[in-house]
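The values are calculated or read from the model by the stated rules, or taken from the named source; none is laboratory data. These numbers come from a predicted model, not from an experiment. FYI the Cβ positions are ideal-geometry reconstructions off the backbone, even for glycines, and counts take in every protein chain you see.
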């Protein structure tokens, strides 16, 4: 366990990730589920950016007199992922609106009940 | 951020939850700046904290803003699953290189080439931009396709079916939803 303090950022991110997962599993409200997915998503982004960090490095913008930069590749991947994440959120929310129009509720259990009645 | 996440899980007023999600994204953006990812921080603040909050508020306006508390058996089974997964994930991090380690394998594959060669090969000072637009431009092209597909999907879901009930809501939702992919497109470039 000699690397103990160096791993704490990862552990914080894991805790955040699990909170997102908990919100998705435990809550029946569809909007709350999407919020949970967002929390999970942001923690995955944080995980990637944490891996890109170099001790003593600066942002990867080339300049005179700077020798050490953080890794630009994860930054690019996460830039793409953020935008895609918003696109999927938009699609999910559109589905929620559609479900609300069809069933009049966005609670998981009430939708199940309405399904059973028909 | 952990505190905000707990608040998101506990509060049942969805309006407050959406606002807290925006705060969560902003805190994430601040964390990105601390870890040298300034471009990512810009995008997160604009798209994550801005656009998706607007989207969620639009959805709240069209649906309801109260949620019912989760049933107890859901909570217990969810806690068990979450704790188990968390323990496995934390066990997995034990093998990872420590935070900020220059010798980590991730920093010694293509990253060296990007940092060393991009000013000669692409000619831009910002390495993130040259990787995004040049070395991995197919990635970015694919991303644009994804956004287009999402916009088309939103239109297909909300635009087509016109039930007699709540017709005016469809009009609103089209306005709210369609503008969003445009927005995210703008901020991605």
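Before we move on, is residue B:1 over 22 Å from residue A:71 (Cα atoms) and without any contact (Cβ under 8 Å) to a residue 60 or more places away in the chain? Answer is yes for this residue. When residues in region B:60-83 are screened for being in contact (Cβ under 8 Å) with a residue 40 or more places away in the chain and within 21 Å of residue B:10 (Cβ to Cβ), 7 of them pass. The criterion of being touching a strand residue (DSSP E or B) at 6+ places or on another chain (Cβ under 7 Å), over 30 Å from residue A:97 (Cβ atoms) and either assigned to a helix (DSSP H, G or I) or more than 8 Å from every other protein chain (Cβ to nearest Cβ) (or both) holds for residue B:107. Scanning for something closer than 21 Å to residue B:140 by Cβ, within 8 Å of chain B (Cβ to nearest Cβ), touching a helix residue (DSSP H, G or I) at 6+ places or on another chain (Cβ under 8 Å) and in a helix (DSSP H, G or I), does region A:12-28 turn up at least one residue? Within region A:12-28, none of the residues are closer than 21 Å to residue B:140 by Cβ, within 8 Å of chain B (Cβ to nearest Cβ), touching a helix residue (DSSP H, G or I) at 6+ places or on another chain (Cβ under 8 Å) and in a helix (DSSP H, G or I). Do we have residue B:80 as over 23 Å from residue A:61 (Cβ atoms) and surrounded by 15 or more Cβ atoms within 10 Å (Cβ to Cβ) here? The answer is no for residue B:80. Among the criteria (1) at the interface with chain B (Cβ under 7 Å from one of its Cβ atoms); (2) over 19 Å from residue B:154 (Cα atoms); (3) surrounded by 18 or more Cβ atoms within 10 Å (Cβ to Cβ), the one residue A:86 does not fulfil is (2).
Take the conditions part of a helix (DSSP H, G or I) and in contact (Cβ under 8 Å) with a residue 24 or more places away in the chain and apply them to residue B:22. Does it pass? Here the answer is yes, as residue B:22 does meet what is asked. Annotation note: of B:62, B:115, the sole residue that is at pLDDT 80 or above, touching a helix residue (DSSP H, G or I) at 6+ places or on another chain (Cβ under 8 Å) and over 22 Å from residue A:16 (Cα atoms) is B:62. Quick one: would you say residue B:45 is surrounded by fewer than 22 Cβ atoms within 10 Å (Cβ to Cβ) and within 11 Å of the chain's Cα centre (by Cα)? Spelling it out, residue B:45 is indeed surrounded by fewer than 22 Cβ atoms within 10 Å (Cβ to Cβ) and within 11 Å of the chain's Cα centre (by Cα). Among the numbered conditions (1) more than 23 Å from residue B:152 (Cα to Cα); (2) surrounded by 16 or more Cβ atoms within 10 Å (Cβ to Cβ); (3) more than 7 Å from every other protein chain (Cβ to nearest Cβ), the only one that residue A:78 does not meet is (3).
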